[in-house]
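The values are calculated or read from the model by the stated rules, or taken from the named source; none is laboratory data. Model, not experiment: these values are computed from the prediction. Cβ sites come from the backbone with ideal geometry, for glycine too, and all protein chains shown count toward neighbours. Please note that ligands, DNA and RNA were not included when accessible areas were found on the heavy atoms of the full protein model with its side chains. Shrake-Rupley method; radii C 1.70, N 1.55, O 1.52, S 1.80 Å.
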Amino acid sequence: STRGFAAGSSTTPFFLRLLAGSGRQRQRYPSEKWWAGGSHGIRMMKTLRAGAADDYLSSLSTREGSTVAERQTLVDIAQSAVERNSVSESTSLPEHVDPNSNESDANKHSIRLARSFLEHTCPSFLSSDISNDEDRLVKIGRSIEDLVTRTKDASVIVGARTELEASLSLLIEECTLLASDRVKVPTVRFGKTELEMPILSLGCMRFQQAWGTKIETMDDVTPECQQNLINILKYASALGVSHIETARGYGSSELQIGEALRTLFEGGELRREDLIIQTKVPLKPTAAEFRDVIERSFRELQLDYVDLLGLHGLNLD
């Protein structure tokens with residue numbers, strides 16, 4: 001899952017933060033050394049991105065009738081977008097609007113900011129279907145504002161503007177890549193196994209119907225929630241994210257994933273052998289109780305086997 005990646009971190013590939021779209025939690029990773037693929041994974045990603053940034057630079061150099069002094073730099077465009085789309089102190093929204101939804105003033109502001117910036121720097125992104133996902137635009141808008149704000153008071157520092165332009169250039173590269181059909185997440189060998197593990201996993205803790213034991217059967221799951229889950233599984237697979245990770249403790253996650261996989265397998269949209277499915281189960285005092293927990297996971301997932309099994313919650317009593 002990409003939910004936890006930082007918006008605005010110049011060291012974490014922005015591409016990773018945009019793949020999943022949904023999610024607003026932010027956490028910073030120190031460097032690209034986090035990548036499981038090491039230098040191999042980074043080389044593959046650089047190959048995927050190769051040439052993407054040249055589109056913008058080429059458009060600047062071929063703009064008719066313009067001089068170097070007349071051409072706006074990335075920094076100018078970003079700063080202008082932030083200034084034009086400053087958040088109003090007042091709000092016209094009713095009090096009951098979820099502040100985490102895209103109906104909130106803050107997220108609408110981020111969407112406007114992203115569109116304002118991208119219409120000048122990456123129109124291919126806005127003309128692609130991927131721009132219909134407003135969660136991505138929220139992340140882009142937040143990143144632009146974070147980057148500009150971070151360097152606004154550091155303009156006198158040598159290299160600050162150059163660093164900002166490099167970060168914005170990377171953002172454009174990865175938006176261009178996302179708008180293309182060339183996105184494929186690299187894989188690496190998983191430990192001492194022969195499993196080819198994608199360097200990103202699809203963590204299934206957040207998009208189930210409910211936590212706890214509220215959901216007992218698929219009759220308790222809304223069609224909208226289940227279709228969203230199916231769409232996520234299909235999209236992740238198309239990107240090469242074949243590692244699907246869930247847990248017995250994730251509420252209705254196993255139940256819904258099992259039903260979604262059955263639908264996708266029967267429809268020929270996914271194949272079981274192409275997926276690395278993992279679940280996690282809690283420890284139990286006796287072998288019989290532990291076996292019951294595992295067998296329930298198999299029933300919920302509607303599978304004869306899982307590729308990986310984890311022991312969950314070892315820190316709990």
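Things to note:
- Calculated FRET efficiency for the pair T263/T222, C-beta based, R₀ 25 Å, to 0.05: 0.95
- Accessible area of S127 in the full protein assembly, 1.4 Å probe (Å², nearest 10): 100 Å²
- Heavy-atom accessible area order for L311, L261, largest first, 1.4 Å probe: L311, L261
- In order along segment 239-247, the Karplus-derived 3J(HN,Hα) couplings, from 6.51 cos²θ - 1.76 cosθ + 1.60 at θ = phi - 60°, round to 7, x, 7, 8, 8, 9, 10, 9, 6 Hz, and Gly and Pro are given as x.
- Charge tally for K280 (other residues, Cβ to Cβ under 14 Å; Lys, Arg +1; Asp, Glu -1): -1.
- Long-range amide H partners of L270 with built H, under 5 Å: F265
- Stretch gain in nm, segment E289-D133, where the contour uses 0.36 nm per residue and the Cα spacing is subtracted: 51.8 nm
- When D129, D274 are compared by accessible area at a 1.4 angstrom probe, the order from most to least is D129, D274.
- Rolled with a 1.4 Å probe across the full set of protein chains, the surface gives D133 an accessible area near 50 Å².
- Its relative contact order, with pairs defined as Cα atoms under 8 Å and 6+ residues apart, puts segment 225-290 at 39 percent.
- Three semi-axes of the equivalent ellipsoid, segment 143-217, Cα gyration tensor, whole Å, largest first: 37, 22, 14
- Cα-only Debye scattering, segment 161-276: base-10 log of I(q)/I(0) at q = 0.09 Å⁻¹: -0.34
- Accessible surface, 1.4 Å probe, highest first, among residues K139, K108, K152: K152, K108, K139
- Computed FRET value (nearest 0.05) for D105 with K184, which takes r as the C-beta separation and R₀ as 35 Å: 0.45
- T222 contributes an accessible area of around 50 Å² to the protein surface, as traced by a 1.4 Å probe with all chains present.
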